[in-house]
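The values are calculated or read from the model by the stated rules, or taken from the named source; none is laboratory data. Because the structure is predicted, anything quoted here is derived from the model rather than measured. Cβ sites come from the backbone with ideal geometry, for glycine too, and all protein chains shown count toward neighbours. Protein only, heavy atoms only, side chains kept; ligands, DNA and RNA dropped before computing areas. Shrake-Rupley method; radii C 1.70, N 1.55, O 1.52, S 1.80 Å.
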Amino acid sequence: MEQPTLPASVGEPVAIRVLLIQNGVTDRGFLTDKLSKLGFAVRKIASLPGALDAARDVDVIVLHCDRAKNSGIDLLVKLQHQGLNVPVVLLTGVAAPAHECLALDKGAIDVILKSRGPEVLVRRLKSVVKASIRADQPRSDGSMICGKLLLRPEVGRAYWEDADLDLTLGEYNIVHLLASNAGRYMTYRAIYDRLHYEGFIAGSGPGGYRTNVRSVIKRIRNKLRDFDPTFDEIENFAGFGYCWKKPAGIDWWP
């Protein structure tokens, strides 16, 4: 197993730590070498087993797939089930929009075509990590409660009456955004930025992201209703955004 490439000196910026999972890919170390030369600390594994331990001290996971179009999706689902609180980027050769949308639905923060080249990958990885750090800033180290909802920012897990909701990282980030601003409507754009990163574009047309936001909100509602059929805490203001109801007389508690 390759060791991370560390910054040459203490005075240099800390390298972004990347876990590269290469599923069925033979690139003879080209991608690892390229990312390392561009200042990333890369750790490479060949398959999913061992990813949980390898991902404990990384900033982003790159899932590099080169097999049938669904192989990356299957691995995304397995990564989410392992409870990793690390953004996952899918690097794929499949250009179909349906494949991209499915990957985003299954928890990928971004989907990048291999044909775009390493320079585009580098820029997108930096954006993903920057957004992840920014999303963590308002959080405390302690758990937070809003009504029946419990959020544990230190592990990126959400609970409803002590039941783990099994949210993806993107879904967790949206729930955190809405619940920590309970009583205030968050715009579609603000929610989409929290799902991926600021300025991320997907969907059809300039307003296509609204459809993606509605889709992920629907998934979140459905997961909550699996535990509580009466759940109705997320409200919609048509054309503007969504709001988490503020429980009467209850604020955020550390």
Pairs returned, first residue in the stretch 102-120 that is closer than 26 Å to ARG194 by Cβ, second residue that is of a type in the set (Phe, Trp, Tyr) and outside any helix (DSSP H, G or I), beta-carbon separation under 9 angstrom, 6 or more apart or interchain, are ILE109/TYR197; ILE109/PHE200; ASP110/TYR197; ASP110/PHE200
May I ask you to verify whether LEU90 is at pLDDT below 85 and either open to solvent by less than 50 Å² (accessible area, probe 1.4 Å) or more than 21 Å from ILE109 (Cα to Cα) (or both)? no
Given THR187, THR168, which one is open to solvent by less than 40 Å² (accessible area, probe 1.4 Å) and of a type in the set (Ser, Thr, Tyr)? THR168
Among the residues of the stretch 35-58, which ones are open to solvent by 30 Å² or more (accessible area, probe 1.4 Å), modelled with pLDDT of 75 or more and farther than 17 Å from THR92 by Cα? LYS37, LEU38, GLY39, ARG43, ASP57
Matching residues in the stretch 171-184 - criterion: being part of a loop (DSSP other than H, G, I, E, B) and surrounded by fewer than 18 Cβ atoms within 10 Å (Cβ to Cβ): ASN181, GLY183, ARG184
Answer yes if at least one residue in the stretch 79-92 is farther than 21 Å from ASP59 by Cβ and in contact with a Ser or Thr (Cβ under 7 Å, 6 or more places away or on another chain), and no otherwise. no
